[in-house]
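Asker: Got a structure here, written out as structure tokens. Questions coming.
Just so it is clear, none of the values below were taken in a lab; they were calculated from the coordinates. This one's a predicted model, so the numbers in the text were calculated from it and none came from an experiment. No Cβ is skipped: glycine too gets one built from the backbone with ideal geometry, and neighbour counts run over all protein chains shown.
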Amino acid sequence: MRNPLSSRIVGIPFSGIRKFFDIAAEMTDVISLGVGEPDFDTPWHIRDEGIYSLEQGHTAYTSNAGLKELKIEIAKYLERRFGVSYHYDKEMLVTVGGSEAIDLAMRAMLDPGDEVLIPQPSYVSYVPCAALADGVPVVISLKEENQFRLTAQELEDAITPKTKLLVLPFPNNPTGAVMEQEDLEAIAKVVEAHDLFIISDEIYAELTYLGDRSHVTIASLPGMRERTVLINGFSKAYSMTGWRLGYACAPEAILEQMLKIHQYAIMCAPTTSQHAAVEAVRNGDRDVEGMREEYNGRRRYVIKRFRDMGLQCFEPFGAFYAFPCIREFGLTSDEFATRMLQEEKVVVVPGTAFGSCGEGFLRISYAYSLESLKEALDRMEHFIQRLRVKSPMG
Amino acid sequence: MEMREKILTFIEKNSRVDLKDLAVMLGTEEAVVANELAAMEEEHIICGYHTLIDWEKTSMEKVNALIEVRVTPQRGRGFDSVAERVYNYPEVNAVYLISGGYDLLVTLEGKTLREVAQFVSDKLSTLDSVLSTKTNFILKKYKDHGTIIAKPKEDERMLVSL
């Protein structure tokens, strides 16, 4: 028999957390800080609308690009929250989570050999999606000293004549880093000068903790809208991960091609989810505000605990992750996480799951109740104390 | 939200939180939280710290009733004096002045059905200004004080996800 597999697919590795999942699944009394999704249930009024839509028999396909009613609400929301306006009919596409939108955008924009700049540490799908679209992923290693923000210089240094696309993964999973207005302005200049395009993955846009300075989308800066595919969704803001619903906004020429792929590969995003999402985006601002407030409290708590443990950690202002540095222990991220799981039964994700420059860091999710965080961090503290006693490093 | 409201919003759900932790979460000092709490207790904004108990799971028998009471308001004192006469009974849990079909809603806790019935017929109904009562027994508590009692929530998320 011939080999049934595509060598390109075989060459792409699985994401780096399977091992932890397998070990943890065999253990009892495990406490996890390893989850990349909210702990809140979807607010009831949103679930209720989903149920109601089923009762009403809204179980057919929607149009490929999504329910008109939903797209109109999304357009209003983006205008209201982030000051960007998109035409609901020509510049917007409702997708199966933000993940699908990332895939579509890469496939719609890349020709073989085009280079895609991917700042890391970042979400695991950009590199494989770029590769699957025949692009060449080029990693930019972000630095803790810059609070894991992308600087104009780092961008400039990575650009070659083949560079076409820049992925902007902010607010960032796993570091919790954000890009503020000035940071984005500096990036925009370089993007314009080198005629690049941007995939801006803003799935955590609602979860930033800088007081009045709320999230800024690069699409709102002069000259950037026509170069940007803006990706957002319902998973993180409204605690709707399982509903699988996101969206992309882009200039018509790009969006049209994305829609073509979506049409053939997906047909349309789940109808029930779209009906629920109308309610979310129309009447969900208060839920988002409440959850943001709650995450912010936990964020402060986690950072304080790390400081008390003497663990170096820059202050994250976005998403629901902290990214402490564990270099002092002389263990790799993987060794540290594996031992902490075995010895203290705490699950965390090694920074290297998000790119090799995550070495020396851990992703700590604070999408947990205060009680769970407390218990998990107590265990982590014991672990660290033991490491420090056994192998005093520097 | 002001600091006071932030504190209240938090402790309304969890009054047992460590003050140190609460201060960290609100981004302030422990002394600030402690002072605000003391002041709010003094001003009777915070009226007590209670425990939500599912008595069904214990060996204690409890009978809870909601009693709708129609009363004649008194000149000059409105409903206050009759409300006071009712709320002074220790078996009365809560007394609310209500708009709609009746005036006072009284919640009551007794050991037995008979005890509740006796209270209503002997004490409540015999008050001069009480015109009528309607007693509703609580059969099951599904949710109380914003907490779902019937079905505690479990974390169904996977242990690790990216």
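Asker: Pop a pseudo-label 7 angstrom from the Cα along the beta-carbon direction at both A:ASP285 and A:ARG80 and give the gap in nm to one decimal.
Answerer: So the two model labels end up 0.5 nm from each other.
Asker: When a footprinting reagent is the concern and you count Cβ atoms within 10 Å, what order do A:TRP44, A:TRP243 take, fewest first?
Answerer: Ordered by Cβ neighbours within 10 Å, fewest first: A:TRP44, A:TRP243.
Asker: Can you give the direction-averaged projected area of the convex hull of the alpha-carbon atoms in the stretch B:3-42, in nm²?
Answerer: Result: a mean projected hull area of 2.4 nm².
Asker: Give me the angle, in degrees from 0 to 90, between the Cα long axis of helix A:97-109 and the longest principal axis of the Cα atoms of chain A, rounded to the nearest 10.
Answerer: 60 degrees
Asker: Going by alpha carbons, how many degrees (0 to 90, nearest 10) lie between the helix axis of A:271-283 and the longest principal axis of chain A?
Answerer: Roughly 80 degrees, rounded to the nearest 10.
Asker: Angle between the Cα long axis of helix A:68-82 and the longest principal axis of chain A, 0 to 90 degrees, nearest 10?
Answerer: With both axes taken from Cα atoms, the answer is about 50 degrees.
Asker: Over its Cα atoms, what ratio of radius of gyration to 2.2 N^0.38 Å does the stretch A:44-283 give?
Answerer: That works out to 0.98 for the stretch A:44-283.
Asker: Take chain B, mark every one of the chymotrypsin sites (Phe, Trp or Tyr not before Pro) that falls in a DSSP loop and has at most 15 other Cβ within 10 Å, then report the longest stretch left between them, sites excluded.
Answerer: Longest stretch, sites excluded: B:50-141.
Asker: What is the Cα radius of gyration of the stretch B:55-141 over 2.2 N^0.38 Å, N being its residue count?
Answerer: Cα Rg divided by the expected 2.2 N^0.38 Å: 1.11.
Asker: Per-residue Cβ counts within 10 Å, from other chains only, averaged over B:16-27: what number is that? Before the final figure, lay out the partial values.
Answerer: On the way: counts 0, 2, 2, 0, 2, 8, 3, 3, 10, 11, 4, 7.
For peptide B:16-27, the averaged partner shielding equals 4.
Asker: Name all residues of the stretch A:95-114 having a backbone nitrogen under 19 Å from the label point set 7 Å from the Cα of A:SER7 along its Cα→Cβ direction, giving them as ranges.
Answerer: Only A:112-113 fall inside the zone, counting backbone N under 19 Å.
Asker: For the stretch B:1-81, which GluC sites (Glu not before Pro) pass both filters: DSSP loop (anything but H, G, I, E, B) and at most 15 other C-beta atoms within 10 Å?
Answerer: Counting only loop positions with at most 15 other Cβ atoms within 10 Å, the GluC sites (Glu not before Pro) in the stretch B:1-81 are B:GLU2, B:GLU29, B:GLU43, B:GLU61.
Asker: At a Förster distance of 30 Å, what's the computed FRET efficiency of A:LYS19 paired with A:SER369, Cβ-Cβ distance as r, to 0.05?
Answerer: Working: r = 26 Å, r/R0 = 0.88.
It comes to 0.70.
Asker: Would the stretch B:91-162 count as rounded, prolate or oblate if I go by the C-alpha gyration tensor, calling it rounded below 1.5 in a/c and otherwise prolate when a/b exceeds b/c, oblate otherwise?
Answerer: prolate
Asker: Let me ask another. Show the residues, 5+ positions off or on another chain, whose built amide H is closer than 5 Å to the amide H of A:GLY233.
Answerer: Amide H neighbours of A:GLY233: A:TYR247.
Asker: Do the sum for chain B: with -39,500 (n - 2.57) for every DSSP H run of n ≥ 4, divided by all residues, what is the mean residue ellipticity at 222 nm, to the nearest 500 deg cm²/dmol?
Answerer: Values: 5 runs with 46 residues, N = 162.
The per-residue figure over chain B is -8000 deg cm²/dmol.
Asker: Still on this structure, please answer the following. Simple spin-label model, 7 Å along Cα-to-Cβ: B:LEU97 to B:THR72 in nm?
Answerer: 1.9 nm
Asker: While we're here: For the protein assembly as shown, compute Rg over Rh where Rg is the Cα radius of gyration and Rh is the Kirkwood radius from the inverse mean 1/r over Cα pairs.
Answerer: On the way: Rg = 28.4 Å, Rh = 26.9 Å.
Dividing the radius of gyration by the Kirkwood radius yields 1.06.
Asker: Further question on the same structure: Find how many whole Å separate the alpha carbon centroid of the stretch A:168-244 from the alpha carbon centroid of the stretch B:88-162.
Answerer: Comparing the Cα centres of the stretch B:88-162 and the stretch A:168-244, I get a distance of 50 Å.
Asker: Let me ask something additional. Count neighbours as other Cβ atoms within 10 Å of each site's Cβ, and list the trypsin sites (Lys or Arg not before Pro) in the stretch B:29-104 that are DSSP loop with at most 13 such neighbours.
Answerer: Here the trypsin sites (Lys or Arg not before Pro) that fit, given the DSSP loop and packing criteria, are B:LYS62, B:ARG75, B:ARG77.
Asker: Name the residues whose placed amide hydrogens come within less than 5 Å of the amide hydrogen of A:ARG363, ignoring near sequence neighbours (fewer than 5 apart) on the same chain.
Answerer: Hits under the 5 Å cutoff: A:VAL349, A:GLY351.
Asker: Shape verdict for the stretch A:1-66, please, from the Cα gyration tensor: rounded (a/c under 1.5), prolate (a/b greater than b/c) or oblate.
Answerer: Here the stretch A:1-66 falls in the oblate category.
Asker: May I pose another question? Under 5 Å between amide hydrogens, which residues at least 5 positions from B:ASN93 or on another chain qualify, with H placed 1.01 Å from N in the peptide plane?
Answerer: B:THR107, B:LEU108, B:GLU109
Asker: Further question on the same structure: Let's test the formula: R0 of 51 Å, r as the Cβ-Cβ distance of B:ARG16 and B:THR126. What FRET efficiency results, to the nearest 0.05?
Answerer: Details: r = 42 Å, r/R0 = 0.81.
Efficiency computed from Cβ-Cβ geometry: 0.75.
Asker: Also, I was wondering about something else. Under the Karplus relation 6.51 cos²θ - 1.76 cosθ + 1.60, θ = phi - 60°, what is the ordered set of whole-Hz ³J(HN,Hα) values for the stretch A:44-51, x standing for Gly and Pro?
Answerer: 4, 4, 6, 4, 4, 5, x, 4
Asker: With a point put 7 Å past each Cα toward its Cβ, work out how far B:GLU56 is from B:ARG4 in nm, to one decimal.
Answerer: It works out to 3.8 nm between the two label points.
Asker: Under the Karplus relation 6.51 cos²θ - 1.76 cosθ + 1.60, θ = phi - 60°, what is the ordered set of whole-Hz ³J(HN,Hα) values for the stretch A:210-215, x standing for Gly and Pro?
Answerer: Residue by residue, the stretch A:210-215 yields 10, x, 6, 7, 7, 3 Hz.
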